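The values are calculated or read from the model by the stated rules, or taken from the named source; none is laboratory data. Quantities reported herein were computed from a predicted structural model and do not represent experimental measurements. Quick reminder, even Gly has a Cβ in these numbers, built from the backbone with ideal geometry, and neighbours come from all protein chains shown.
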Amino acid sequence: MGELQYYAGIDIGGSNIKYGIIDSTGKILVREQKPARADKGATPLLHLITNIAENLLLHAAENEYPINWLGIGSPGTIDNLTGTVNGRCPNIPGWVGTEIGAHLKDHLNMPVYVDNDANAMALAEFRFGAAKRFRSVLCITVGTGIGGGIIIDGQLWRGAHFSAGEVGHIIIDYKGKPCRCGNIGCLEAYCSSQAILNRARSKLKDGMSEMLKSVLNGDPDNLTIKKLFAAARKSDETALEIVEETATILGAGLSGLVNVLNPQAIIFGGGVVDGGAGFIEIVGAEIRKRAFPSATEKLRILKAELGNDAGFIGAGLLGEHKSKRQ
Ligand SMILES: [Zn+2]
């Protein structure tokens with residue numbers, strides 16, 4: 001065993017900023033979070049992140065955790081060479097164009113690496129979580145959006161222009177539902193938490209079980225993802241139907257990706273997956289039904305292990321996974 005390394009990472013989300021310090025065994029030494037208040041705009045958010053970064057690095061210095069760089073995970077397409085948000089970020093208004101990397105480097109006087117949050121999550125699972133036994137994996141989060149991180153032969157695949165891994169915008173129906181990206185028929189338009197709730201509520205308006213009636217006070221608008229999955233786990237017929245339908249759509253969409261990339265494993269995380277009720281098993285069965293046997297025979301389908309910590313852990317690791325052109 002060599003000397004311990006220490007990593008500091010910040011995970012920017014639309015609702016919360018999570019951050020912390022870990023060591024090279026994966027032990028979490030600091031774990032904190034603060035509300036992002038993204039609705040206040042990009043500049044206050046950048047100030048908040050700068051403030052968090054300074055406090056985190058000061059804390060590291062006081063506790064003698066030697067930190068060599070700061071890593072940041074952010075929603076949106078991130079130019080990993082400059083640390084700039086350069087496309088598509090519906091969760092944080094005004095975030096596109098923000099020069100996170102340049103701004104923080106100026107303030108902190110140390111290297112700063114910025115990458116997409118799903119890429120960071122994939123790195124964390126790859127190093128310390130469910131993907132650590134594998135070399136080629138897809139890490140997919142299903143929640144308010146559907147994000148993906150692709151690791152091939154131990155390397156994060158960012159794409160030619162940092163745009164790879166947008167699993168949520170695989171088109172599964174060219175005449176389908178509108179997606180918030182502006183396209184139609186994307187996986188996200190069917191399987192994000194909002195899409196699931198919309199489908200479930202319209203079904204529940206045609207009638208619901210006594211159990212759901214009492215949980216929701218008779219109003220389908222009171223349905224949440226947690227309540228939906230809780231009802232499915234108790235075998236509520238409509239809830240199960242929605243969960244199965246969602247998992248089937250997701251599995252169908254992902255089977256194409258399995259045919260293209262032939263990964264060793266797919267790791268699923270995020271609020272929808274955490275609901276249980278057989279969701280991930282149905283996704284897996286659908287992938288096995290649709291993708292080539294040669295691609296699925298040894299394919300492992302697993303749950304992410306690091307939960308909400310994956311984002312800041314993976315961000316901290318970014319300095320070890322620099323873009324080749326850097
Ligand atoms: Zn889309």
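Taking the stretch 181-190 as the range and being near the ligand (Cβ under 9 Å from one of its atoms) and either crowded, with 16+ Cβ neighbours inside 10 Å or under 15 Å from R88 (Cβ atoms) (or both) as the test, the residues that pass are C181, G182, N183, G185, C186, L187, E188, A189. Here the helices (runs of 4 or more DSSP H) wholly within the stretch 135-235 that include at least 1 residues being free of Cβ contacts under 8 Å to residues at least 40 places away in the same chain and β-branched (V, I, T) are 210-215. Got at least one residue in the stretch 269-286 being among the charged types (D, E, K, R), more than 20 Å from the chain's Cα centre (by Cα) and in the same structural domain as E237 (by TED's automatic domain parsing)? Scanning the stretch 269-286, I find at least one residue that is among the charged types (D, E, K, R), more than 20 Å from the chain's Cα centre (by Cα) and in the same structural domain as E237 (by TED's automatic domain parsing), so the answer is yes. Exactly one residue out of R133, R127 is surrounded by fewer than 20 Cβ atoms within 10 Å (Cβ to Cβ) and more than 18 Å from V273 (Cβ to Cβ): that is R133. Scanning the stretch 147-160 for residues that are away from the ligand (no atom under 16 Å from the Cβ), of a type outside the set (K, R) and either buried (at least 16 other Cβ atoms within 10 Å of the Cβ) or within 16 Å of I266 (Cβ to Cβ) (or both) returns G149, I150, I151, I152, L156, W157.
To keep it simple, each residue is scored yes or no on (1) more than 10 Å from the ligand (Cβ to nearest atom); (2) hydroxyl-bearing (S, T, Y); (3) surrounded by fewer than 17 Cβ atoms within 10 Å (Cβ to Cβ).
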| site | (1), (2), (3) |
| --- | --- |
| T141 | yes, yes, no |
| G145 | no, no, no |
| F162 | yes, no, no |
| G168 | no, no, no |
| I171 | no, no, yes |
| C179 | no, no, no |
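Those helices (runs of 4 or more DSSP H) of the stretch 249-326 in which 1 or more residues are among the acidic types (D, E) occupy 271-274, 279-290.
Reported count of residues in the stretch 30-75, each being more than 17 Å from L108 (Cα to Cα), among the aliphatic types (A, V, I, L, M) and modelled with pLDDT of 95 or more, is 1. Among the residues of the stretch 19-41, those identified as under 16 Å from L123 (Cα atoms) and in contact (Cβ under 8 Å) with a residue 60 or more places away in the chain are Y19, G20, I21, I22, G26, I28.
Select from the stretch 47-66 the residues that are buried (at least 18 other Cβ atoms within 10 Å of the Cβ) and of a type outside the set (F, W, Y) and list them in ascending order. Of everything in the stretch 47-66, those that are buried (at least 18 other Cβ atoms within 10 Å of the Cβ) and of a type outside the set (F, W, Y) turn out to be L48, I49, I52, A53, L56, L57, A60. Restricting to the stretch 1-15, name every residue that is buried (at least 16 other Cβ atoms within 10 Å of the Cβ) and within 21 Å of the chain's Cα centre (by Cα). Within the stretch 1-15, Y7, A8, G9, I10, D11, I12, G13, G14 meet the criteria. Among the residues of the stretch 69-120, just one is among the β-branched types (V, I, T) and more than 23 Å from K40 (Cβ to Cβ), namely T82.
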